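One structure below.
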Amino acid sequence: MLAGMAWEYKGFYIPKEDDWQPEDPSDFGFWMDFYVGNGSGRDAFSVLVCSLPWFMREHGHQVISGRNVIFLPRFDRSALDEFLKAKCSEEDAGKSPHTTMLKIDGIGEWEYRYRF
């Protein structure tokens, strides 16, 4: 998908019910995918989305980098969507497609990172 093709943020998918909300919108954690692509093609990026209290409870006892983690103060689908759209656009600014995808890999783990 990389060679000479323009790409854009294509949305995200939470592998739960379409209208899923955490029981406590200020204390949650889940894995999801977001997509970057062109035309009908798209690549998946996996990311842990969580609140700080959840993260501290689950991982606060260990040293961890924070790579491929998005922190939200409260669960908000619109805010998450806008954040991803802005970050993907920011990373595209004047860079090669290869460089762009590797930069976005810092936000979410790129399904094809192993190729590079």
Can you give the calculated 222 nm mean residue ellipticity of the chain, where each DSSP H run of n ≥ 4 adds -39,500 (n - 2.57) and the sum is split over every residue, rounded to the nearest 500 deg cm²/dmol? -8500 deg cm²/dmol
Whole-Å semi-axes of region 20-60's equivalent ellipsoid, largest first, each the root of 5 times a Cα gyration tensor eigenvalue? 28, 12, 6
Size of the dipole of region 51-116 about the Cα centre, Lys and Arg at +1 and Asp and Glu at -1 on the beta carbon, nothing else charged, in debye to 20? 120
Highest GNM mean-square fluctuation, the chain, Cα pairs closer than 10 Å: which of D76, D27, D19? D19
Give the angle, between 0 and 90 degrees and rounded to the nearest 10, that separates the Cα long axis of helix 77-92 from the longest principal axis of the Cα atoms of the chain. 30
What length, rounded to one decimal in nm, is gained on full extension from L102 through to D27, with 0.36 nm per residue of separation minus their alpha-carbon distance? 24.0 nm
In what order do S65, S26 fall by count of nearby beta-carbon atoms within 10 Å, going from fewest to most? S65, S26
Over all directions, the average projected area of the alpha-carbon convex hull for the chain comes to how many nm²? 7.9
Spin-label model distance (nm) - R115 vs D76, 7 Å beyond Cα toward Cβ: 3.6
Residues R67, R42 in order from fewest to most other beta-carbon atoms within 10 Å are R67, R42
Which three lengths, in whole Å and largest first, does region 63-111 cover when its Cα atoms are put on their principal axes? 34, 29, 16
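A short reminder: the numbers here are calculations on the coordinates, not readings from a lab. Treat the numbers as computed from the prediction; the structure is a model and nothing was measured. In this analysis, Cβ positions are derived from the backbone assuming ideal geometry, glycine residues included, and neighbour counts consider all displayed protein chains.
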